[in-house]
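**Q** Can you read through this structure? Questions will come right after.
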Amino acid sequence: MKLVKKMSTRMNNPWLQLEQLSRIRVKESIKYDAFWIVDSYNRYGLMIKCDEDFDHTIREIKLNGIQIQLDQSSSPNKLILLLKETKDWEIFLILCHDLLNVMKHHDENIIISVMKRLERWQKLLRKSAFKIMSKEEQMGLFGELKILLDYIIPTYGTSTAINAWVGALGDKQDFLLENLAIEVKSFRMTSGNRVWISSKEQLNSEKNPLYLFACALIETDKGQNITDLVKSIIAKIENEIVLSEFIEKIEEYGYYPEIPKENLSKFILEKITSFQVKEEFPKIALEHISPLIPNIKYNIDLSGCSEFKVNINSILL
């Protein structure tokens, strides 16, 4: 199991109070009995008792570093999760609380709900879900989420806005709407008005007009982080399909809602400056780049681009 080296030091370990072959009831208000357990090998575990039959397909779920046991020999049925390596208890505790939260909020189809969460964790534990995001990665995602939350969603609605957010999918621009394209670039307010263009296609779009939204960020404890923005956007989503699409997209940036990110920086979006990227805009045109140069990265000083400025409100009508 790949883990962040510095997970939460404030998490309380519920297994520390248990001896070998002992258990204690989970202090959660849920319909079903759940217990923190320690088995005969001193392995940490979670046992869930349920009168409904756990589907046999649960045996097909494989979690890295976690053993799944299904006891249907008596009623109620028991689902038991056991951690193979005690040192990984923090991420295991997060998984357990996630399952308990599902049980807390789902009175019906509880087995299906638990199965879906286990499948979700199977996917998470296969990925590098615990990699620390760099400051630059955080700033990039923060800017796109802020534009999505404050401008695209209010103008086009949640479903259309999230569908139009295609930067996470490796598209040429960050937002492709019916009549326009938007590329979002974040930079530190203290570093001047310079942004990095990281591919030859970013400012060369087949869709016209193309706009560049430059987001000047200030890092401060009084600001918001990616988690704050993600929660605000999720609160606006009512459709499960749209929610799944949004989750998949933020995952492509290396952000996973289930995994605590205590290292995330907080920012304030001090200013957004929007530019229309016309032919005369300071960019490297595709026809000037040899096909033998697959990748290119360059810096633009936006302080000299005032003639291309446009009002953001006139763009998003």
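Computed from the coordinates by the stated procedures, all read-outs in this text should not be read as laboratory data. All values reported here derive from a predicted model rather than from experimental measurement. Positions of Cβ are generated from backbone atoms using ideal geometry, with glycine treated the same way; all protein chains shown enter the neighbour counts.
**Q** Here is the link list: K116/K185; K207/K261; K78/K231; K127/K266; K27/K87; K116/K172. Which ones come out longer than 31 Å on Cα distance? Let's see the in-between values first.
**A** Working: K116/K185 36 Å; K207/K261 36 Å; K78/K231 33 Å; K127/K266 25 Å; K27/K87 23 Å; K116/K172 33 Å.
Result: K116/K185; K207/K261; K78/K231; K116/K172 exceed 31 Å.
**Q** A further question follows. Which three lengths, in whole Å and largest first, does the stretch 135-315 cover when its Cα atoms are put on their principal axes?
**A** Largest first, the stretch 135-315 extends 44, 36, 35 Å along its Cα principal axes.
**Q** In the calculated pair distance distribution of the stretch 207-255, what percentage of Cα-Cα distances lie above 16 Å? Don't jump to the answer; show the numbers that get you there.
**A** Values: 689 of 1176 pairs.
So the portion of pairs separated by more than 16 Å is 59 percent.
**Q** Using unit Cβ charges (K, R positive; D, E negative) and no other charged atoms, how large, in debye to the nearest 20, is the dipole of the stretch 90-192 about its Cα centre? Show your work: numbers first, answer last.
**A** Working: 13 positive and 13 negative charges, 75 e Å.
For the stretch 90-192, the charge dipole is close to 360 debye.
**Q** Just rank T155, T190, fewest to most, by other beta-carbon atoms within 10 angstrom. Numbers along the way, then the final one.
**A** Numbers: T155 14, T190 9.
If I rank by nearby Cβ atoms, fewest first, I get T190, T155.
**Q** Taking N as the number of residues in the stretch 117-230, what value does Rg over Cα atoms divided by 2.2 N^0.38 Å take?
**A** Values: Rg = 15.5 Å, N = 114, 2.2 N^0.38 = 13.3 Å.
The reported ratio for this selection is 1.16.
**Q** Kindly provide the Kirkwood hydrodynamic radius of the chain in Å, to one decimal, from all pairs of distinct alpha carbon atoms.
**A** Working: mean 1/r = 0.0447 Å⁻¹.
Over the chain, the inverse of the mean reciprocal pair distance is 22.4 Å.
**Q** Using a 10 Å cut-off around each Cβ, can you sort K127, K172, K236, K185 from fewest to most neighbouring Cβ atoms?
**A** Values: K127 12, K172 19, K236 15, K185 24.
If I rank by nearby Cβ atoms, fewest first, I get K127, K236, K172, K185.
**Q** If you take every DSSP beta bridge whose two residues both sit in the chain, what share of them, in percent to the nearest 5, is antiparallel? Show your work: numbers first, answer last.
**A** Numbers: 41 of 49 bridges.
The antiparallel fraction comes to roughly 85 percent.
**Q** Along the charge dipole of the chain, pointing to its positive end and built from +1/-1 on Cβ of Lys, Arg, Asp and Glu, which listed residue (L269, V166, N42) has its Cα farthest out?
**A** Sorting the options by dipole projection puts first N42.
**Q** Here is a follow-up. Give me the dipole magnitude in Debye, nearest 20, for the chain about the Cα centre, with unit charges on the beta carbon: positive for Lys and Arg, negative for Asp and Glu.
**A** Details: 42 positive and 44 negative charges, 206 e Å.
Value, rounded to 20: 980 debye.
**Q** Scanning the chain for GluC sites (Glu not before Pro) in DSSP loops with at most 16 other Cβ atoms within 10 Å, what's the longest stretch left with none? Walk me through the numbers before you get to the answer.
**A** Values: sites that count: E19, E28, E52, E85, E108, E178, E201, E206, E238, E258, E262, E279, E280.
Value returned for the longest uninterrupted segment is 109-177.
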